[in-house]
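Everything on this sheet refers to the single structure shown next.
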Amino acid sequence: MSDIARTIGRKYGLQLGIFVLLIAVFAIIAPSFGGTAAAYATLERIVLLGIITAGLAVTMIAGELDLSIPGMAVFGGVIAVQLSDLGLFPSIAVAAAAGTALGLLQGWLIAKLDINSMVFTVGMLTVLQGVSWLLAGGSPIAVENYLATDPLLEQYWIFSPLSLTAVVVMVLIGLFLTWSKWGREIFAIGGARHEAVAAGVSVRRSMVLAFGISGFAGALAGALSSMKSGSVTPDSFSEILLTCVTAALVGGVSLYGGRGNIVNIALGVIIIAMLAAGLSAMGVPSYVTQLLTGTLLLVVIVIEFIIAKASARSRLRRLRAAHE
């Protein structure tokens, strides 16, 4: 086995195995779920799931967790629908810009106050949901000119404008994390914060960027989803947080920070999206889908724990052998 294949197997072997297994299982139990229709249905689910998971994963890689992202999504959705008369792209752009600004502010405050990000973002989640209710006038709101959203309903083979947007956003976030100095600093503060500070890495800048990206992703995903459906309810997206955290963890992003990349994120998103799309095509109730998704997460956690333990024992044996 070549070094490249060995590296791929070590980093993504479990996720690739689950992906292949899902394809095989659906081929047996749901033969109608296949071809371009299945691919299109799966990719449509990454519009919300993929963009939000990518943004959320950036904060996880930084060793933090942005629990406010459902609030960002509904906030972005309400803004986009309220401003829909400006046109499709301007309304979405304003919503994404507002989410980015709030995310940057949130990251700055967390770093400045040195407060636990989970505690702070839970508060921000509540605030954003309340603000969204106020902006919406206390009731669901709808786009007045439905013709403005027609471009979002077009289909190009297995893609739509929304799924293409999601793919582009995920790739750009991945390139930022992997190839930019600021992206590598986010990895550094997540993997070894004290060492990173000693090396001159600015924790505040990394936190601001991580939460800014998360805010952008949440608001953009909420705006796209709301404009596609033509309406938004201020309590929408309340269940998306756990699904996105699950996708990130299944993909191999560490909740403790410093581990994960866009390939991990993409694999986790595709696995969860395919599972949901396949079960939906079979007419399986949503609560069963949630049950199976949670079971899958537990299986992945247990397998990764066993692999990590086996790897640690192997290293220990090698060290003992080297000293004998």
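The values are calculated or read from the model by the stated rules, or taken from the named source; none is laboratory data. As the structure is a prediction and not an experimental result, all values here were calculated from the model. Please note: Cβ atoms are built from the backbone with ideal geometry, for glycine as well, and neighbour counts cover all protein chains shown. Note: areas computed on protein heavy atoms with side chains; ligands, DNA, RNA excluded. Shrake-Rupley method; radii C 1.70, N 1.55, O 1.52, S 1.80 Å.
Sort out for me the helices (runs of 4 or more DSSP H) sitting completely within the range 118-216 that have 1 or more residues that are among the β-branched types (Val, Ile, Thr) and closer than 18 Å to Ser226 by Cβ. Lay out the reasoning, then the answer.
Details: elements: 161-179, 181-191, 193-198.
So the answer is 161-179.
Suppose we filter the range 177-191 for residues that are open to solvent by less than 40 Å² (accessible area, probe 1.4 Å) and not polar (S, T, N, Q); how many remain? Full working, then the answer.
As a first pass, look at the range 177-191 and keep what is open to solvent by less than 40 Å² (accessible area, probe 1.4 Å): 177, 180, 183, 185-186, 188-190.
Next, only the ones that are not polar (S, T, N, Q) stay: 177, 183, 185-186, 188-190.
Residues that pass the stated criteria total 7.
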Here the residues within the range 82-96 that are crowded, with 16+ Cβ neighbours inside 10 Å and without any contact (Cβ under 8 Å) to a residue 60 or more places away in the chain are Gln82, Leu83, Ala93, Val94
Tell me which of these Thr246 doesn't satisfy, since it passes every other one: (1) within 20 Å of the chain's Cα centre (by Cα); (2) open to solvent by less than 40 Å² (accessible area, probe 1.4 Å); (3) over 13 Å from Thr53 (Cα atoms); (4) modelled with pLDDT of 85 or more.
(3)
Ala281 vs. criteria surrounded by 11 or more Cβ atoms within 10 Å (Cβ to Cβ), small (Gly, Ala, Ser) and at pLDDT 85 or above
no
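Of everything in the range 161-174 that's open to solvent by 20 Å² or more (accessible area, probe 1.4 Å) and in contact (Cβ under 8 Å) with a residue 60 or more places away in the chain, which residue is farthest from the chain's Cα centre (by Cα)? Step through it out loud before you land on a result.
Within the range 161-174, the subset open to solvent by 20 Å² or more (accessible area, probe 1.4 Å) is 161, 164-165, 167-168, 171-172.
Checking the rest, the ones that are also in contact (Cβ under 8 Å) with a residue 60 or more places away in the chain come to 165, 167, 171.
Numbers: Thr165: 14, Val167: 12, Val171: 12 Å.
This residue is Thr165.
Residues are listed down the side, and each one gets a yes or a no for (1) open to solvent by 80 Å² or more (accessible area, probe 1.4 Å); (2) modelled with pLDDT of 90 or more; (3) at positive phi; (4) under 23 Å from the mean Cα position of the chain (by Cα):
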{"residue": "Thr100", "(1), (2), (3), (4)": "no, yes, no, yes"}
{"residue": "Ile110", "(1), (2), (3), (4)": "no, yes, no, yes"}
{"residue": "Gly123", "(1), (2), (3), (4)": "no, yes, no, yes"}
{"residue": "Gly138", "(1), (2), (3), (4)": "no, no, yes, no"}
{"residue": "Ala142", "(1), (2), (3), (4)": "no, no, no, no"}
{"residue": "Leu152", "(1), (2), (3), (4)": "no, no, no, yes"}
{"residue": "Trp157", "(1), (2), (3), (4)": "yes, no, yes, no"}
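If I ask for residues that are at pLDDT below 85 and either aliphatic (A, V, I, L, M) or within 16 Å of Val167 (Cα to Cα) (or both), which ones from the range 249-268 would you list?
Across the range 249-268, the qualifying residue is only Leu255.
Restricting attention to the range 56-81, and to residues there that are part of a helix (DSSP H, G or I) and farther than 17 Å from Ser238 by Cβ, which single residue is most open to solvent (accessible area, probe 1.4 Å)?
From the range 56-81, those part of a helix (DSSP H, G or I) are 56-61, 69-81; that's our starting set.
Checking which are farther than 17 Å from Ser238 by Cβ leaves us with 57-61, 79-81.
On the way: Ala57: 0, Val58: 0, Thr59: 0, Met60: 0, Ile61: 0, Ile79: 25, Ala80: 0, Val81: 6 Å².
Only one residue fits best here, namely Ile79.
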What's the total number of residues in the range 218-234 that are in contact with a strand residue (DSSP E or B) (Cβ under 7 Å, 6 or more places away or on another chain), open to solvent by less than 30 Å² (accessible area, probe 1.4 Å) and outside any helix (DSSP H, G or I)?
2
Can you find a residue in the range 42-55 that is modelled with pLDDT under 85, part of a helix (DSSP H, G or I) and surrounded by fewer than 17 Cβ atoms within 10 Å (Cβ to Cβ)?
no
